[in-house]
1. Would you compute, for the Cα atoms of the chain, the largest minus smallest coordinate along each principal axis and list the three values in descending order, in whole Å?
2. When we measure straight from the Cα of residue 365, which lysines land under 21 angstrom away, once same-chain ones fewer than 8 places off are left out?
3. When a/c reaches 1.5 or more, the comparison of a/b and b/c decides; with that in mind, is the range 177-226 rounded, prolate or oblate per its Cα gyration tensor?
4. Over its Cα atoms, what ratio of radius of gyration to 2.2 N^0.38 Å does the range 300-403 give?
5. Can you list the equivalent-ellipsoid semi-axes of the range 70-133, largest first and in whole Å, using the square root of 5 times each Cα gyration tensor eigenvalue?
6. For the range 191-286, take N as its residue count and report Rg(C-alpha) divided by 2.2 N^0.38 Å.
7. At 4 °C and 1.567 mPa s, what whole-number value in µm²/s does Stokes-Einstein give for the translational diffusion of the range 205-350, with Rh from the Kirkwood sum over Cα pairs?
8. Taking θ as phi - 60°, what are the ³J(HN,Hα) couplings along the range 253-268 by the Karplus curve (6.51, -1.76, 1.60), each to the nearest whole Hz, with x for Gly and Pro?
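The values are calculated or read from the model by the stated rules, or taken from the named source; none is laboratory data. Not measured: the values here are computed from a predicted model. No Cβ is skipped: glycine too gets one built from the backbone with ideal geometry, and neighbour counts run over all protein chains shown. These area figures cover heavy atoms from the full protein model, side chains too; ligands, DNA and RNA do not enter into them. Shrake-Rupley method; radii C 1.70, N 1.55, O 1.52, S 1.80 Å.
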Amino acid sequence: TVSHALIQEMKCAVVLALWAGAVAHGQTYRGPGDGPWKFSTPEEQGLSTLALELAEGEINAAVGGRECYIVVKNGKIVYEKYRRGRTISKETELYSHTKSFASSVFGRAAKEGLGTQYDIIGDNVAKTLQCNPKGTFENVLTMTGQSPDLPNRPVFEYDGSGTMCLNTLADFITTNNPEGLSAVAWKDKHWHKPLGLEGTSWGRGADLPCGGGCKTTCRDAARVGLLFMNNGYWEGYGQFLTKEYALRAQTWIFPKAIGSWGEYGYLLWLWVTGDVDPTYSNMNGANGQCTQMSREHDAVTVSFGHDTGQDQGWPCNAAWQFGKHSLVSRDHAKFNMSRETSAIYRNQTTWRETDRAKQVAKFSKIELEGLREFVAQNMDAFDRAELEKINRRFVLHGLPQVL
């Protein structure tokens, strides 16, 4: 018979082997998978409760109508605060933040073998809308899909409503999935459920609008942000998106595109010259629906609410600028980084004078026109209070109300 001591020795050897393999492959805890969130104190993850409280307070003071602020560090929620009567289960209309969700769903479709972002639009969907049929889905994902001369002159043309080109992403899924599912049903089975989304509503019948129309909770937005932050890895599923897709999604693909609004990946806003984290990416929706990912600091933040100010770019800029330093752990080289290098972005007056703010302001009305088109087509998805808030913004920017 095998001695008890030998059995214990064998067990130890197995445990050590598994541990060594996990370390070798970087398999530490990276998120909730399809289960519930895990929680931690900020201090257990190298952060400061006081610093996070101060950051949330500054964001609330600088941006109108803030309702939630969540910080995820190392895959766990370390800070969560709700204001103005908001609850954990309340769903928010994401507006253009939906576009980033659509990028995630397309990446999942690519991982599942339906095709790739390099496939030709006209070869995969019957209705190419206003897309150049010879373009690729990478062009759709980077807002260059309507360019008439793609090889030589890519043009950035923002598709606010999704009806000009973006909705081909959903048509691609409907056309190419071997199960014969609608894009909504495929999304629910292969994306929504594995991510463990608990309070997300997206889809109108069989149609999956890619320009807007998703409603979600602050916690669910953090899950999608965590998926990008982890370069497509999802706990319990491995590479949920291919790493190549997730990294490219957070890369400025066409920096020389005509009419570019700035750093832009696969329906994600970027800040490649950022001081605290040049790998930063952002899912951004009207009125300040902001989910922000910091790969350098293994962190995700969510700030939702309804800002009614005229400056469309300020809410998510402020949410990042006032919060970013509190995400740096004590053992990181940037822990004591001076805040003065980016102080200009934390004052709304000086922010408006930056090139970045001027770019946003220049094209805000174009985005709002797309938003107005979307709202007009989907009025039944908004309650009276929501429509009143949205119409106030339209009037503020000289656009007619949606009645």
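1. That works out to 83, 51, 43 Å along the principal axes.
2. 99, 389
3. Numbers: a/c = 2.40, a/b = 1.45, b/c = 1.66.
Verdict is oblate for the range 177-226.
4. On the way: Rg = 17.3 Å, N = 104, 2.2 N^0.38 = 12.8 Å.
For the range 300-403, the normalised Cα radius of gyration comes out at 1.34.
5. Details: eigenvalues 255, 57, 14 Å².
Here the semi-axes work out to 36, 17, 9 Å.
6. Compactness ratio reported: 1.17.
7. Numbers: Rh = 16.4 Å.
After rounding, the answer is 79 µm²/s.
8. 6, 10, x, 9, 4, 5, x, 4, 8, x, 4, 8, x, 8, 6, 10
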